[in-house]
Every structure is written in C-alpha cells, then in structure tokens.
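One structure is given below, encoded as structure tokens.
Every number in this text was worked out from the coordinates using simple rules, so none of it is lab data. Worth saying up front: this structure is predicted, and the values here are computed from it rather than measured. Quick reminder, even Gly has a Cβ in these numbers, built from the backbone with ideal geometry, and neighbours come from all protein chains shown.
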C-alpha cells in the first residue's frame, strides 16, 4: 500500500479508538450514573445515531466541495470539543446534546476517510477499503479495552481520555493529511456527451441505492449482537465476561484471518457481487445457528460464522460505491454508504426489541433470516441495473464494478 493510505489507516485506528471510548459505556452511564431508564437511554442512542446519519451526508458533501483535509479538520474539531466539554458538563441534558455533537462530528470523518482511501489509491480497489475496514476493527478493540481500564479508575476520566485521543487524531490530520495527493481525472467532453454521462451516472446512483437497501438489512441484523442478543445471553446465564470474549473473537478474526480471506477471494470469489452473495448466505447461516443456540459454545460458533460473513460484505459495499461514483462525487457516495450503515444501527435495536418483546428471540432470528432473502433480491436487482450501465460503458468511457 502507498504511504498515503498507511497514514489514513493509522488515522482510522485513532479515530475509532476515540469513538469506542464512549459507545460501550453510554447505556451503563445513563442508567447507573444519571438514573435514566433503559428506554430513555435507547432513545438517546437513537439521537446519537441520527446525528451520525446527518454527519455522514455532510461529511461526504464537504469532501467533494472543500476536500478531505478540511473536512477532517472540521469533523475532528467537533468531536474533540464535545469530548472535552463532557469532562466538565455531563449531567443528563448536557450529555444528550454533546452525544449528538459527537455523533455529528464522527459521522463527518468516516466518509471523508473512506473517500480519501479510494482517491489516493484508486488502483487498489477492494484492498484500500478492506485496509480501512480492518483498521476500524483494530480501533474498536483498542478503544473498548482502554475504556474499561480508564472507567475502572474513575468514570468521568473516560471523557478526558476520549478528548486526548481526538487531539492525537487532529495532530495526525494536520501534519499527515495536508499534502495528500488525490488522483483525479478531468476529462474534456462535449455538451451532448456530458448530458448522456449525467444520465448514466444517475442510473448508477439508483443502482447503488438498490444495493444499499440490502446493506441496511444486514446492519439491522448485525446490530442485534450489540442489543437484543447481549440481553438474551444474560438470560441464558452467560456472563458479561463471556459475552465480551465473543467480540474479542470477532476483532481477532478480522485482523488475523485476512490472508485466508484473500486466498479464498482470489481462488473462488472473483467479483464484488459474488462476495456479497457469499456474505449474505453466511449471515443467514449464523442467525440460524443463533436460533438454536443455548450454550456459550454455540454462540462462539455463531460469532465465528457471522465474522466470516461481514468480512465478505462490509469492504465490498464502499468499494462498489467508489467505483460507481462520478468524478468529484466520491465523498457524497461514501457519505450515503455510511449513513445507511448508521441508519441500520439506529433502527436495528428498536426493531429487534419490539420483536423480542412481542414474540421471542427465536422469532426475531427467523424474521432476520427472511429479511436476508430480501437482501439477496436487492443485490440481484442491482446486478440487473449494473448490466444496463455496462452497455453505456463503451459510449461514455465509465467503468463499473463487477
């Protein structure tokens, strides 16, 4: 990988480490320290995720208008300022407002980092986005581990430590990203050609939105592991320490199993849409295993299978978005991808909680398996739309993903 991408990978690790200081402790802090009910805490987390959706769209738009460097500085400044204000003002209403600002600032940085990755190393394609995906999971592992250590000393120290991590990210951005070279092309075209090209690009955006409808379903299902499934494991007598081991397995596999994944993709799964189909099928298997799981070992098996599925799907989606993005729209397209993922994380816990309360966890798992079949359909519809786009490839000189 080029040096520029390594700088972005390090930035993603630092950024997610900072974000991961707060998110695992939010519900605990609001419930135990601020005396709020779990439903109120869930509502606040929805507001945080909603602000993240807005931040993703703003960040993607700003990347295209003012560049990745300024967008990152803007987003980091919001998150860093909010984190330090939380050190001194963390009563409930301050907490709600500042958590929304944290979501907004963090939301701005993610599409900027992903768009940067695609533009500094366009020939890397999937490899660039897979590197960012792995970096994101390294950050989650570091942040959650460090947050537990800091919180055990004093809870409000977490806010200060969070701010310090964002200071580190800001310094990295100032000295590392200022002179990043973005590879762009500005073809000269006639007006008639431009009109045809814009029409084709709109069709490409529609294809991406069709694909992202299935991506939303994937995130709605995936986030159950952080919400309803965590409660379900407690009811089955599985301890919190055992539950945390599941996420340790998840993060370790994502980092350590990359060589095996690369070998498998090169040998058998040659296209991005094939990766998505494979990942969706593996997701379905993992939730079927969950529907039968009562012992901790079965949850380990389900998590291993789930992790394999996400390793196929998660990097493929931003890669396709980057390939479909017209020149000057890379940030906007990555913003859409990240906002859909954030939207899934926002509505997933609520939807899962309603189904689990009204029916049962087993019914929830079966419903999610059925929803994955709709994700298969959306991917197939995207493939049909893509074939139409490829007919315009020779005329408009636009390359589309396989």
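Quick look at the numbers
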{"read-out": "Full-stretch length increase - residue 257, residue 384 - with 0.36 nm per residue and alpha-carbon distance subtracted", "value": "42.5 nm"}
{"read-out": "Potential lengthening between residue 281 and residue 267 on full extension [0.36 nm per residue; Cα-Cα distance subtracted]", "value": "3.2 nm"}
{"read-out": "Descending Cα extents along the principal axes, the chain, whole Å", "value": "64, 47, 36"}
{"read-out": "Structure-based [θ]222 nm, the chain - -39500 (n - 2.57) summed over DSSP H runs of at least 4, per residue, nearest 500", "value": "-28000 deg cm²/dmol"}
{"read-out": "Fluctuation leader among 235, 385, 258 - the chain, Gaussian network, Cα springs under 10 angstrom", "value": "235"}
{"read-out": "Extended-chain gain in nm, criterion 0.36 nm per residue less alpha-carbon gap, residue 244 and residue 206", "value": "9.8 nm"}
{"read-out": "Taking 166, 94 and counting other C-beta atoms within 10 Å, the order from fewest to most", "value": "94, 166"}
{"read-out": "Projected label distance in nm at residue 43 and residue 234, using a 7 Å step from Cα toward the beta-carbon", "value": "2.0 nm"}
{"read-out": "Pairwise label distance in nanometres, residue 350 with residue 125, each label 7 Å out on the Cα-Cβ vector", "value": "3.9 nm"}
{"read-out": "Residue order, fewest to most beta carbons within 10 Å, for 313, 337, 305, 255", "value": "255, 305, 313, 337"}
{"read-out": "C-alpha center-to-center spacing [the range 14-79, the range 245-268] in angstrom", "value": "27 Å"}
{"read-out": "Descending semi-axes in Å of the range 1-95, equivalent ellipsoid built from Cα gyration tensor", "value": "29, 15, 13"}
{"read-out": "Whole-angstrom gap from the range 313-375 to the range 94-160, using each part's C-alpha centre", "value": "18 Å"}
{"read-out": "Sites residue 77 and residue 1 - FRET efficiency at Förster radius 30 Å, r taken between beta-carbons, to 0.05", "value": "0.60"}
{"read-out": "Among 387, 273, 127, residue whose mean-square fluctuation peaks in a GNM of the chain (springs only between Cα atoms under 10 Å)", "value": "387"}
{"read-out": "Simple spin-label estimate for residue 274 and residue 145 in nanometres, 7 Å along Cα-Cβ", "value": "3.6 nm"}
{"read-out": "FRET E, pair residue 358, residue 300, Förster distance 35 Å, beta-carbon r, rounded to 0.05", "value": "0.75"}
{"read-out": "Max mean-square fluctuation residue, GNM over the chain, Cα-Cα springs under 10 Å, options 122, 259, 349", "value": "259"}
{"read-out": "Order of 266, 327 - criterion: other Cβ atoms within 10 Å of each residue's Cβ, fewest first", "value": "266, 327"}
